[in-house]
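The next block holds one structure in the form of structure tokens; read it before the comments.
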């Protein structure tokens, strides 16, 4: 039986929506059966895609709309096998494990000594850790369901979120992810899916921080730290600085004295390096809910780094193309490695 594709049938379908300039037949090294280059003549690319996909679907084929070097491209690929149904039990188990891990991390950040009685220790951990855990996981869940709902709205097959527990770390988790079981229809749908998560997560982070700051109090930072004594101050972002200013009416942490340094120069230096440490100054003693919102802002910001499979990487690829994204990647890695000398966490992301 001859299995040679009938390209003439494809051409007939494609010419209804696309002015073909040239085409390339795929090979074993190419991820497509046929590549058409030209100009989309249909007024609405989304409707054009749906029309073409419906015609090709009975033939076991899927179209992909792309833009390369300013030109419209249509790729014809074999349709992916129908994905196996997702097993929500796995997602549920991973979420429960992550919830336990995040509760423990949130509690142990605020508990100096655990009771010797195991039952009392567990109850104390649950009672202390749940405000952080519920707030932080709400941000992560909103972020991932932003991706999930955008994917479903565009007809993509996506899994429910998978949460990743990571006990004995600052946040108790490495985050969460969803998996796409088929290729996005076009750049518009991929862009919508990519940005939906960070936007949703950012909005919820703001709400959580505002609630948390309303539960927080101002207090003095110790003037002297004795040997073995630690004191940690959360980093600042423009958003976090503004929210603290709206809540408390001053820029925090407020140093005890600027010394001979001009205030504006002090704040530029402190914003980027967290030095000098404001011993004796005034700062927010943040509530666990505010800590969760701050962590949500951090995760959202890191996810927007324009590299790799991060949300920012997808957006940069869509805006500037695969070639520029590949060219930028070494500079991003070098920048993160350099920033690691200011904060070691950047080395993990590099």
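Using the Cβ-Cβ distance between residue 233 and residue 46 with R0 set to 45 Å, the FRET efficiency works out to roughly 0.40. Between 264, 130, 291, which gets the highest mean-square fluctuation from a Gaussian network model of the chain, Cα cutoff 10 Å? Result: 264 has the largest fluctuation of those listed.
A full extension of the chain between residue 16 and residue 181 corresponds to an added length of 56.5 nm, given 0.36 nm per residue minus the alpha carbon distance. Mind pulling the angle between the C-alpha long axis of helix 45-56 and the longest principal axis of the chain? Nearest 10 degrees, somewhere in 0 to 90. That works out to roughly 50 degrees. Take every Cα pair under 8 Å whose residues are at least 6 apart in sequence, average their separation, divide by the length of the stretch 217-285, and the relative contact order is 55 percent. If you wrap the Cα atoms of the stretch 217-285 in a convex hull and average its projected area over all directions, you get 4.8 nm².
Listed from fewest to most Cβ neighbours within 10 Å, the set 126, 243 follows the order 126, 243. If the elastic network links every pair of Cα atoms under 10 Å, which of 272, 65, 163 fluctuates the most in the Gaussian network model of the chain? Largest GNM mean-square fluctuation: 272.
Label-to-label distance for residue 261 and residue 246 is 2.8 nm, based on points extended 7 Å past Cα in the beta-carbon direction. The distance linking the stretch 125-149 with the stretch 274-298 is 19 Å (Cα centroid to Cα centroid, whole angstrom). Quick one: helix 263-273 against the long Cα principal axis of the chain, what's the angle to the nearest 10°, folded into 0 to 90? The helix 263-273 is inclined about 60 degrees to the chain. In the stretch 117-271, Rg over Rh equals 1.08, where Rg is the alpha-carbon radius of gyration and Rh the Kirkwood radius from pairwise Cα distances. Rounded to the nearest 10 degrees, the angle from helix 238-248 to the longest Cα principal axis of the chain is 40 degrees.
Taken over the stretch 7-78, the percentage of Cα pairs per 5 Å bin, counting from 0 up to the bin with the maximum distance, is 3, 16, 32, 29, 15, 4, 1.
Using a Gaussian network model of the chain in which every pair of alpha carbons under 10 angstrom is joined by a spring, one finds that among 288, 161, 88 the greatest mean-square fluctuation is at 88. Helices in the chain, meaning DSSP H runs of at least 4 residues, each add -39500 (n - 2.57). Divided by all residues, the mean residue ellipticity at 222 nm is -17000 deg cm²/dmol. Its Cα gyration tensor gives the chain an equivalent ellipsoid, and the semi-axes of that ellipsoid, as √(5λ) in whole Å with the largest first, are 49, 25, 16.
Since every read-out is calculated from the coordinates, none of them should be taken as a lab result. It should be emphasised that the depicted structure is a prediction, and the values quoted were computed from it without experimental measurement. So basically every Cβ, Gly included, is an ideal-geometry build from the backbone, and we count neighbours across all protein chains shown.
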